[in-house]
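Take a look at the structure set out below.
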Amino acid sequence: MNIDINLDEIDITKEEPITEPERQYYFIAKARDLVKKKSAEIGRPLTCKVTTFGCQMNQKDSEKLLGILELVGYEQAETEKADFVIYNTCTVRDNANQKVYGRLGFLNGVKRENPNMLIALCGCMMQESEVVEKIKKSYSFVDIIFGTHNIFKFAELLYTRLQSERLVIDIWQGTNDIVEDLPTERKYGFKAGVNIMFGCNNFCSYCIVPYVRGRERSRNAKDIIREIETLASEGVVEIMLLGQNVNSYGKTLEEPMTFAQLLQEVEKVEGIERIRFMTSHPKDLSDDLIEVMKNSKKICKHMHLPLQSGSTKILDKMNRRYTKESYLEVAEKIRKAIPDISITTDIIVGFPGETDEDIQETIDVVEKVRYDSAFTFIYSKRSGTPAAVMEGQVPDHVNKERFDKLLSVVQKISREMTKRFEGQTVEVLVEEENEQDSSLVTGRMSNNTIVHFKGEKNLIGKIIKVQLTECKGFYYMAEMI
Ligand code: 5AD
Ligand code: SF4
């Protein structure tokens with residue numbers, strides 16, 4: 001929770017307020033009243049489960065949904081056998097969509113056993129009209145559908161559904177508003193994501209994000225800093241600044257500010273020990289940012305710098321607005337300024353018109369930059385994007401072959417790069433008990449590499465010095481010192 005509000009003091013017999021976030025707190029109070037009654041009727045608390053597909057933005061949005069659900073009176077359930085299940089969906093690649101449809105089939109079965117159950121769908125997929133049509137037609141057991149722009153209205157939509165029996169659909173085509181001060185229920189006590197901007201203006205030709213997340217909007221620096229100060233006072237030591245293209249932060253503000261300047265402000269917040277950010281666009285990465293990172297004690301030594309393709313011809317068709325050479329130049333500048341930084345990336349294989357020579361160019365960049373790790377994806381055609389109608393769509397079997405070839409180079413280099421710290425003493429933020437062996441804890445180095453070492457659960461959330469004893473491919477075994 002990042003705001004002090006007493007729901008009992010809200011008069012729910014009055015008309016609803018017009019302004020936000022007061023209006024949503026009013027609906028939280030009203031929904032809470034209905035949930036209390038329902039729970040008394042069935043003699044147990046109502047439960048909820050939020051399932052997230054996709055990126056960190058969605059994870060952050062899900063924390064907001066959970067924050068509202070908890071205030072309304074739902075208890076979190078471990079599984080989807082709950083009274084309220086919400087899928088926060090992703091549509092960046094088609095397999096994300098298919099997963100949602102598959103899981104909805106399963107949910108239908110759960111709902112048959114619990115007729116009181118409510119199912120909501122939100123997130124990027126819902127911004128596509130064909131998806132909503134399909135849900136209405138073939139998945140009529142869904143109760144609430146909303147999109148990415150009005151997630152702040154969740155309490156109001158939930159209340160509407162709770163007091164009526166009809167399907168609630170509310171999808172906005174866009175928004176300029178950013179509603180501050182809504183509740184959130186954080187997954188971790190010691191680390192948190194912080195939105196610094198929403199949407200994207202880049203229109204990479206393969207990407208659906210600008211269509212489903214809308215135009216770029218930056219939050220005011222003072223709202224961001226206030227949120228981070230609150231998080232720090234609650235014990236958060238690591239924050240991740242979130243945006244589709246953080247390097248263009250601040251351009252749309254009344255008083256423009258650069259991302260590098262914002263980072264310097266964030267650095268001043270006492271109690272925050274680690275600052276991460278995601279994602280950087282290579283075309284907007286400034287020398288100032290590199291300088292600020294180099295001189296910072298808190299900014300983590302990790303740069304996620306999506307390449308997408310190493311071929312200038314393909315980059316041009318992707319509308320990425322950089323060349324192979326200019327990308328390599330940026331990567332080299334970063335490595336020179338901060339030698340122990342880890343650089344990671346995203347690569348798409350099989351963009352329309354991609355040839356063997358083009359993939360060779362991509363492999364060449366991988367070999368030159370030497371990524372610590374890379375997410376590799378096979379191109380997925382997203383209808384409505386310019387690339388979907390481009391000539392030269394590459395057959396699946398060719399993509400598969402090129403993908404495997406690229407992956408083996410990526411993995412070989414990644415193993416070598418991860419190993420370069422063996423024997424060193426580093427700081428690790430402990431995140432959780434090890435999943436396989438409860439005598440171990442698991443944490444991350446500043447450069448995001450995973451480290452396991454013998455330790456008690458009370459180390460979770462603390463930054464601990466360890467010696468990296470053995471590199472096991474993509475992670476380390478270590479000893480506390
Ligand atoms: N097909 C495959 N990968 C995609 N990405 C975005 N759109 C597509 C698509 N249509 C990848 C990009 C991006 C990451 C989040 O997802 O690599 O950086
Ligand atoms: Fe998509 Fe490009 Fe925007 Fe990233 S920068 S979200 S890949 S359009």
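The values are calculated or read from the model by the stated rules, or taken from the named source; none is laboratory data. Keep in mind it's a predicted model, so treat the numbers as computed, not measured. Reconstructed Cβ throughout: ideal geometry from the backbone, glycine too, with neighbour counts over all protein chains shown. What goes into the accessible areas is simple: the full protein's heavy atoms, side chains included, and nothing from ligands, DNA or RNA. Shrake-Rupley method; radii C 1.70, N 1.55, O 1.52, S 1.80 Å.
Okay, here's what the table says:
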quantity	calculated
Any chance Thr344 is under 26 Å from the mean Cα position of the chain (by Cα), assigned to a helix (DSSP H, G or I), within 16 Å of ligand 1 (Cβ to nearest atom) and in contact (Cβ under 8 Å) with a residue 24 or more places away in the chain	no
Complete set of residues in segment 305-321 that are within 24 Å of the chain's Cα centre (by Cα) and crowded, with 18+ Cβ neighbours inside 10 Å	Leu305, Pro306, Leu307, Gln308, Ser309, Met318, Arg320
Filter result (over 16 Å from Pro395 (Cβ atoms) and either more than 28 Å from the chain's Cα centre (by Cα) or open to solvent by 10 Å² or more (accessible area, probe 1.4 Å) (or both)) within segment 349-366	Glu357, Gln360, Glu361, Asp364
Cβ pairs under 9 Å, 6+ apart, first in segment 304-321 and within 13 Å of Gly353 (Cβ to Cβ), second within 10 Å of ligand 1 (Cβ to nearest atom) and in a helix (DSSP H, G or I)	Lys317/Ala387; Met318/Ala387
Subset of segment 55-88 (residues that are of a type in the set (Ser, Thr, Tyr) and either within 15 Å of ligand 2 (Cβ to nearest atom) or farther than 22 Å from Arg112 by Cβ (or both))	Ser62
Complete set of residues in segment 214-229 that are over 14 Å from Leu253 (Cβ atoms) and either within 16 Å of ligand 1 (Cβ to nearest atom) or free of Cβ contacts under 8 Å to residues at least 24 places away in the same chain (or both)	Arg226
Per-region count, segment 240-273, residues surrounded by fewer than 19 Cβ atoms within 10 Å (Cβ to Cβ) and among the polar types (S, T, N, Q)	4
Qualifying position, being assigned to a loop (DSSP other than H, G, I, E, B) and in contact with a helix residue (DSSP H, G or I) (Cβ under 7 Å, 6 or more places away or on another chain), among Thr148, Thr175	Thr148
Failed item in (1) closer than 23 Å to Thr91 by Cβ; (2) out of contact with any Asp or Glu (no Cβ under 8 Å at 6 or more places or on another chain); (3) part of a loop (DSSP other than H, G, I, E, B); (4) of a type outside the set (Ser, Thr, Tyr), with Leu182 passing the rest	(1)
Any hit, segment 324-337, residues being on the phi < 0 side of the Ramachandran plot and in a loop (DSSP other than H, G, I, E, B)	no
Hits in segment 114-139 - residues which are in a loop (DSSP other than H, G, I, E, B) and either buried (at least 24 other Cβ atoms within 10 Å of the Cβ) or in contact (Cβ under 8 Å) with a residue 12 or more places away in the chain (or both)	Asn114, Asn116, Met117, Glu128, Tyr139
Where a residue in segment 365-393 is within 16 Å of ligand 2 (Cβ to nearest atom) and modelled with pLDDT of 95 or more and its partner, wherever it lies, is open to solvent by 20 Å² or more (accessible area, probe 1.4 Å) and basic (Lys, Arg), with Cβ under 6 Å and at least six apart	Ser380/Arg93; Ala388/Lys381
Check on Tyr211, surrounded by fewer than 22 Cβ atoms within 10 Å (Cβ to Cβ) and either within 16 Å of ligand 1 (Cβ to nearest atom) or free of Cβ contacts under 8 Å to residues at least 12 places away in the same chain (or both)	yes
Condition broken by Val428, with the remaining ones in (1) loosely packed, with under 14 Cβ neighbours inside 10 Å; (2) within 22 Å of Val237 (Cβ to Cβ); (3) of a type outside the set (Ser, Thr, Tyr) satisfied	(1)
Matching residues in segment 275-291 - criterion: being open to solvent by 20 Å² or more (accessible area, probe 1.4 Å), assigned to a helix (DSSP H, G or I) and over 9 Å from Asn247 (Cβ atoms)	Asp287, Asp288, Glu291
Segment 104-113, residues that are within 15 Å of Lys134 (Cα to Cα) and within 25 Å of the chain's Cα centre (by Cα)	Leu104
Qualifying position, being open to solvent by less than 30 Å² (accessible area, probe 1.4 Å), of a type in the set (Val, Ile, Thr) and over 19 Å from the mean Cα position of the chain (by Cα), among Val100, Val72	Val72
Filter result for Ser383 (open to solvent by 30 Å² or more (accessible area, probe 1.4 Å) and more than 30 Å from Thr418 (Cα to Cα))	yes
Residue that is touching a His at 6+ places or on another chain (Cβ under 8 Å) and not hydroxyl-bearing (Ser, Thr, Tyr), where the choices are Gly199, Gly174, Gly189	Gly174
